[in-house]
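The values are calculated or read from the model by the stated rules, or taken from the named source; none is laboratory data. Because the structure is predicted, anything quoted here is derived from the model rather than measured. Here Cβ is always computed from backbone atoms with ideal geometry, including for glycine, and neighbour counts include all displayed protein chains. For the accessible areas, the whole protein counts, side chains as well, though only heavy atoms, and no ligand, DNA or RNA atoms are used. Shrake-Rupley method; radii C 1.70, N 1.55, O 1.52, S 1.80 Å.
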Amino acid sequence: MPTMQVTACLSQPVPIRAPRPASPANVDRFVPTVVDDVGLIPMSCADPVQAAGQLERQLMQWPAMQAVIGFGPDGQGNTTALVTGRPEDTTAVSLQGMHKVLARLASSPELKMSAQIHNVTYQQPWRVSADTVSLRLPGDFDTDKLTRTLQGGFQPNPPSLGVTLPPGRVALLVGGPSGAGKTTLAERMQAMLPERKVVTLQCDMYYRNWEDPEYPRTPAGTKFWDNPAAMHMDELSRDIATLLRTGKAEVPVFDFSTGKRQPGKKTVEIGPDDVLVLDSIFATDPKILGALEGLPHVSLFVDTEKGEDRLVRRIVRDYEHRGAAAQFTFDCWKETTLPGEVQFVRPALLKMDPAFDGVYRSQMPQDKGLSVDEIARRVGSLGDREPSYEAFR
């Protein structure tokens, strides 16, 4: 467990850009970054719980700030960072606060470069409190370097995956919310990894039959599609581990038009140096990570800047590939997709080591910046007609 080494906690930094404080008296408390709504506080403290409490109290004085990072040397040549965010708004459709900071760090080329230079081991963030996590940044970070790191992260459509894959069979766990572009990225991955063969495992094939009495439901009684309990996670975890160990597994085939698993299975094989890509909102489920302990794997979280863009994509995609009416998809998004994202998908960022795992921000030409209310209005005007991106321009 990382600790900061000296007893003084908060310092009094000089702002590098004018912040948006709650009151003029707090102007000198944060070092605002070029990233909106995130502040930095150089600090050192032997007790991370004490430091977290101070950060949380400071953040409460800044209603315009969504997160603050306290950072200082860990005594071993690296940097301990405490990321404090506001309690999550479960109605928000996009990453915010702590999760947004972790996404920026994990997608920053500067942090990845620093990880290659310094001799560090894999280490997930750990929760100091409900609103604060502690993580290790490889190397010595001052205010300028941490600002550059945050600024360089979460850029749209980066030219590479932003992760380094070990040699031999390896699983690339591609997670993230529905409609973020995971499948699109998986389809392009072979071109991004030309020296390796890429084999994609469709995790959606492991869904339970819709009439399964154990299918999870929301409080309103709706099938909770976006709950990992809607899938046979134990079976999926075993098959992934088997593929990495032996290079071969028999996997199920699910028919979404009938809501049932088809008879028989199909064979999936991967070579001794192939990359096994898992494309699923549950790619980093604890059961999968537990089954892969000791086996080579890297996590990649895929997301967009705005959740409304993902909603539009899902409406069009579900009609084209699953025959779902626009209103049905919109209702599911409110009842199951967004609650499942908040409860099960976004927390995957807390299981990632920014030095080794990655975040990929996708941006599609169809992103129009519509609000949820405007999307709802256009869905209502469609009626039974075919939804298309043109309808949301």
Problem set entry | Members of the range 63-101 that are among the hydrophobic types (A, V, I, L, M, F, W, C) and touching a strand residue (DSSP E or B) at 6+ places or on another chain (Cβ under 7 Å) | M65, A67, V68, I69, F71, A81, L82, V83, L95, M98, V101
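The rows are residues; the columns are (1) assigned to a loop (DSSP other than H, G, I, E, B); (2) more than 18 Å from N227 (Cα to Cα); (3) touching a Lys or Arg at 6+ places or on another chain (Cβ under 7 Å); (4) modelled with pLDDT under 90.
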{"residue": "A324", "(1), (2), (3), (4)": "yes, yes, no, yes"}
{"residue": "T329", "(1), (2), (3), (4)": "no, no, yes, no"}
{"residue": "Q343", "(1), (2), (3), (4)": "no, no, no, no"}
{"residue": "L349", "(1), (2), (3), (4)": "no, no, no, no"}
{"residue": "A391", "(1), (2), (3), (4)": "no, yes, yes, yes"}
For this session: Give the range 190-224 a look and list any residue that's touching a residue at least 40 places away in the same chain (Cβ under 8 Å), over 12 Å from D279 (Cβ atoms) and among the polar types (S, T, N, Q), or say none.
Result: N209, T218, T222
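So that you can scan it fast, the table gives a plain yes or no per residue for (1) within 17 Å of L289 (Cα to Cα); (2) charged (D, E, K, R); (3) touching a residue at least 24 places away in the same chain (Cβ under 8 Å); (4) open to solvent by 20 Å² or more (accessible area, probe 1.4 Å):
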{"position": "P339", "(1), (2), (3), (4)": "no, no, yes, yes"}
{"position": "V345", "(1), (2), (3), (4)": "yes, no, yes, no"}
{"position": "K351", "(1), (2), (3), (4)": "yes, yes, yes, yes"}
{"position": "Y360", "(1), (2), (3), (4)": "no, no, yes, no"}
Exercise. Within the range 128-144, can one find any residue that is open to solvent by 30 Å² or more (accessible area, probe 1.4 Å), touching a residue at least 40 places away in the same chain (Cβ under 8 Å), under 29 Å from G307 (Cβ atoms) and not in a loop (DSSP other than H, G, I, E, B)?
Worked result: yes
Problem set entry | Some residue of the range 356-374 being of a type in the set (A, V, I, L, M, F, W, C) and more than 19 Å from E305 (Cβ to Cβ) | yes
Exercise. Inside the range 55-81, can you point out the residues that are without any contact (Cβ under 8 Å) to a residue 60 or more places away in the chain, open to solvent by less than 40 Å² (accessible area, probe 1.4 Å) and more than 25 Å from the chain's Cα centre (by Cα)?
Worked result: Q58, W62
Exercise. Out of (1) in a strand (DSSP E or B); (2) open to solvent by 20 Å² or more (accessible area, probe 1.4 Å); (3) within 19 Å of R208 (Cβ to Cβ), what's the single condition that is false for I281?
Worked result: (1)
Seminar exercise, completed: All-but-one check, V120 against (1) more than 28 Å from E305 (Cβ to Cβ); (2) open to solvent by 50 Å² or more (accessible area, probe 1.4 Å); (3) of a type in the set (A, V, I, L, M), failing number (2)
